[in-house]
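Q: First, the structure itself, so that you have it in front of you.
The values are calculated or read from the model by the stated rules, or taken from the named source; none is laboratory data. Quick caveat, the model's predicted, so the values are computed rather than measured. Neighbour counts are summed over all protein chains in view; Cβ atoms, including those assigned to glycine, are modelled from backbone coordinates with ideal geometry.
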Amino acid sequence: MLVALVATLAGGPAHAAQVTRSQRFVASDGVSLQTYVGGEGSLQPRPVIVEFSPYRPGCCPEYAGPGYNYLQVHIRGTGDSDGRFDSLGDRTQADVVEVLQWACHQPWSNGTLGVFGFSASAITFYNSLHLALPCVKAAVMWSGTDELYRDLLFPGGIPNSIPGVGVLGLIGGPALAATPGRLRRDPTATASTVGGLADAGTGALNHQSLDSYWRERGMRGDVNHLPILMVDGFFDVESRGAFQAYQALRDDGAHLLVVGAHDGVPAGAEGVRDAEGAAWFDHYLRGIANGIEATARVKLWLSDGDREDDLAGAFVRYDGGDWPIPGTRWESLALDATRSGTAHSLNDGSLSSTAPGARTTQSYLTIPSVPSASDQPNTAIVGPNGVNALAEAVPLLTETTLAEPLGLSYTSGPLSSAVLAAGPMTLELLLSSTASESDVWAVISDVSPDGVPHPVATGRLRTSYPLIDAARSLRDPQTGDIVQPYGIYASKTPGSIGTQRRYFVEFWPIGNRFKAGHRIRLDIVGVSLASTPAGVAINTVAVGGPGGSRLLFPVLPGSSLSTALGSYG
């Protein structure tokens with residue numbers, strides 16, 4: 001995945017044979033870490049790009065060239081490194097500082113370091129920014145989390161089981177395969193490694209609320225004030241993380257490139273991530289005046305209908321000076337019991353610009369839903385493993401059609417003109433349940449003129465976390481409405497059975513063009529099977545009347561949802 005980036009960094013074909021050198025690094029507590037340095041020729045002093053990964057990467061010739069050397073580090077307790085894996089906590093973060101200090105003064109370094117990260121290696125970097133990072137001048141981060149709990153493992157307080165298990169397998173397999181070498185170095189090391197991996201597996205089970213354990217595994221500010229290029233995709237399994245990291249670090253010169261990470265890059269945009277990353281490092285590590293810092297701060301590749309169309313090359317480009325895009329309007333769409341005549345759900349309700357005067361209730365059974373139909377983030381991460389090809393052959397698998405029959409649907413009228421939607425989104429929901437703890441799982445779909453609903457955004461919330469931090473929530477600057485709630489997950493507040501409460505359900509950022517003739521649909525369904533549900537219950541939603549349930553929908557400058565809906569609103 002980095003081959004093209006480093007080929008660009010290298011300035012073209014290699015001019016001399018590339019070499020890879022294996023080096024052990026001993027941390028201050030005596031633990032030995034495996035590292036590899038790669039570069040051209042004799043590994044003369046150059047700027048060094050460093051990556052900290054738990055996946056036992058096999059660095060490095062294709063990652064380096066005449067302009068840079070490249071250092072990859074196996075995180076402690078993973079790959080061929082000794083020690084106890086601490087799930088990217090304080091000890092790993094201390095290793096980051098110590099390795100950087102060491103790398104800065106090696107004969108293959110000219111004293112200038114950059115950091116690259118993708119997913120776990122990006123999380124490691126973000127988690128370490130509250131510490132002074134020696135010699136680092138800039139970074140390029142693909143995906144990753146701002147808060148590991150909130151952005152990946154417990155979105156909305158709901159355990160995201162499949163990614164957690166998958167990550168542990170990807171980390172644990174290579175670590176256990178390296179056991180023979182670890183035993184030769186230190187016969188006692190394997191017990192510590194196995195114990196660390198076991199702790200990582202039980203950590204989520206023992207810390208289901210956002211406590212100090214998770215706060216130590218989240219970003220706690222940047223004392224280094226580094227310029228960082230954040231790369232993400234609207235369908236990425238960790239998409240919220242890069243958007244939040246950008247907002248936290250934009251004053252330090254951060255840029256946000258939303259073209260794809262785990263979720264893949266659209267056809268026609270291949271090489272964009274690599275070219276932008278190469279220019280970023282060239283400017284900040286080598287002092288090349290290429291103007292990258294003066295380009296648009298936020299560059300968006302919006303899908304044009306759904307994830308599959310996006311990957312096929314149907315996308316819309318939109319640049320802006322910040323995120324959310326300045327001038328974004330959040331238009332209020334009321335959940336309405338009036339039948340739309342378009343959905344196959346229990347209620348077939350409507351989304352309306354005008355809230356209905358009378359209040360009514362609508363109920364559904366929270367039976368878990370098929371992930372491919374209701375869970376785009378987890379579908380996208382396994383897309384390259386056959387799911388994308390299967391969806392192309394059997395489109396029904398990734399349409400909301402499979403999820404909506406047992407849920408509640410609310411659909412707009414047909415749009416008279418295209419609407420560009422990009423930004424965070426909130427569902428304000430008046431809900432009661434037959435259980436003290438249930439799950440709200442909501443999906444936004446782009447409904448094409450043939451009536452097929454294509455999912456483009458997901459919102460999630462466990463009802464035992466009804467509280468939000470108003471000071472940290474994002475508000476519409478025009479109306480003051482909360483458009484991105486910052487949920488409080490430190491402790492649970494179970495509901496009384498049958499008692500109605502107002503919930504603020506956060507959607508990960510949406511980025512899609514809804515074309516003329518298309519409709520917008522909100523489905524409220526059972527939690528994805530890729531997650532761990534609280535249990536089956538009957539949830540009842542109140543719609544209409546003063547303060548009724550509504551969706552706050554982000555519309556980019558130049559679009560008007562109310563105008564596009566016209567008389568149908």
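Q: Contact list please: Cβ distance under 6 Å, first residue in the stretch 395-422 and in the same structural domain as Pro509 (by TED's automatic domain parsing), second residue surrounded by fewer than 22 Cβ atoms within 10 Å (Cβ to Cβ) and at pLDDT below 90, pairs at least six apart or on different chains.
A: Partner pairs satisfying both residue conditions: Leu397/Ala391; Thr398/Ala391; Gly413/Tyr568; Ser416/Gly566.
Q: Return the residues of the stretch 157-176 that are among the hydrophobic types (A, V, I, L, M, F, W, C) and touching a residue at least 12 places away in the same chain (Cβ under 8 Å); say none if nothing qualifies.
A: Ile158, Ile162, Val167, Leu168, Leu170, Ile171, Ala175, Leu176
Q: Given (1) modelled with pLDDT under 95; (2) closer than 30 Å to Tyr503 by Cα; (3) part of a helix (DSSP H, G or I), identify the lone condition not met by Arg182.
A: All conditions are met except number (2).
Q: Exactly one of (1) charged (D, E, K, R); (2) farther than 25 Å from Pro455 by Cα; (3) assigned to a loop (DSSP other than H, G, I, E, B) is unmet by Asp263. Its number?
A: (2)
Q: Restricting to the stretch 29-51, count the residues that are under 33 Å from the mean Cα position of the chain (by Cα) and part of a loop (DSSP other than H, G, I, E, B).
A: Number of matching residues: 1.
Q: Give the residue, chosen from Ala537, Ala542, Ala530, that is more than 26 Å from Arg317 (Cβ to Cβ), at pLDDT below 95 and not assigned by TED's automatic domain parsing to the domain that holds Leu152.
A: None of the other options fit; the residue is Ala530.
Q: Still on this model: Does Tyr486 qualify as being closer than 21 Å to Val525 by Cβ and aromatic (Phe, Trp, Tyr)?
A: no
Q: Take Gln72 and decide whether it is under 15 Å from Val50 (Cα atoms) and surrounded by fewer than 24 Cβ atoms within 10 Å (Cβ to Cβ).
A: It is false that Gln72 is under 15 Å from Val50 (Cα atoms) and surrounded by fewer than 24 Cβ atoms within 10 Å (Cβ to Cβ).
Q: So which strands (runs of 3 or more DSSP E) stay within the stretch 439-538 end to end and still have 1 or more residues that are farther than 20 Å from Ser352 by Cα, touching a residue at least 12 places away in the same chain (Cβ under 8 Å) and among the small types (Gly, Ala, Ser)?
A: Per the criteria, 501-514.
Q: Mind listing just one residue for me: the one in the stretch 27-59 that is among the aromatic types (Phe, Trp, Tyr) and in contact with a helix residue (DSSP H, G or I) (Cβ under 7 Å, 6 or more places away or on another chain) and, of those, nearest to Gln72 (Cα to Cα)?
A: Phe52
Q: Which of the following residues is surrounded by 14 or more Cβ atoms within 10 Å (Cβ to Cβ) and either assigned by TED's automatic domain parsing to the domain that holds Asp86 or charged (D, E, K, R) (or both): Arg217, Arg184?
A: Arg217
Q: I'd like the full set of residues that are in contact with a helix residue (DSSP H, G or I) (Cβ under 8 Å, 6 or more places away or on another chain), under 21 Å from Val316 (Cα atoms) and surrounded by fewer than 20 Cβ atoms within 10 Å (Cβ to Cβ), limited to the stretch 398-448.
A: Once the filter is applied, which keeps residues that are in contact with a helix residue (DSSP H, G or I) (Cβ under 8 Å, 6 or more places away or on another chain), under 21 Å from Val316 (Cα atoms) and surrounded by fewer than 20 Cβ atoms within 10 Å (Cβ to Cβ), the stretch 398-448 yields Pro414, Ser416, Ser417, Ala418.
Q: Same structure again: Kindly check whether there is at least one residue in the stretch 116-126 that is among the β-branched types (Val, Ile, Thr), within 21 Å of Thr35 (Cβ to Cβ) and surrounded by 24 or more Cβ atoms within 10 Å (Cβ to Cβ).
A: Looking through the stretch 116-126, at least one residue is among the β-branched types (Val, Ile, Thr), within 21 Å of Thr35 (Cβ to Cβ) and surrounded by 24 or more Cβ atoms within 10 Å (Cβ to Cβ).
Q: Go through the stretch 12-22 and report how many residues are in contact with a strand residue (DSSP E or B) (Cβ under 8 Å, 6 or more places away or on another chain) and either part of a loop (DSSP other than H, G, I, E, B) or modelled with pLDDT of 95 or more (or both).
A: The number of residues fulfilling the criteria is 4.
Q: Considering Ala200, Ala248, Ala177, Ala189, which residue is surrounded by fewer than 18 Cβ atoms within 10 Å (Cβ to Cβ), of a type in the set (A, V, I, L, M, F, W, C) and farther than 30 Å from Trp280 by Cα?
A: Unique residue meeting the criteria: Ala177.
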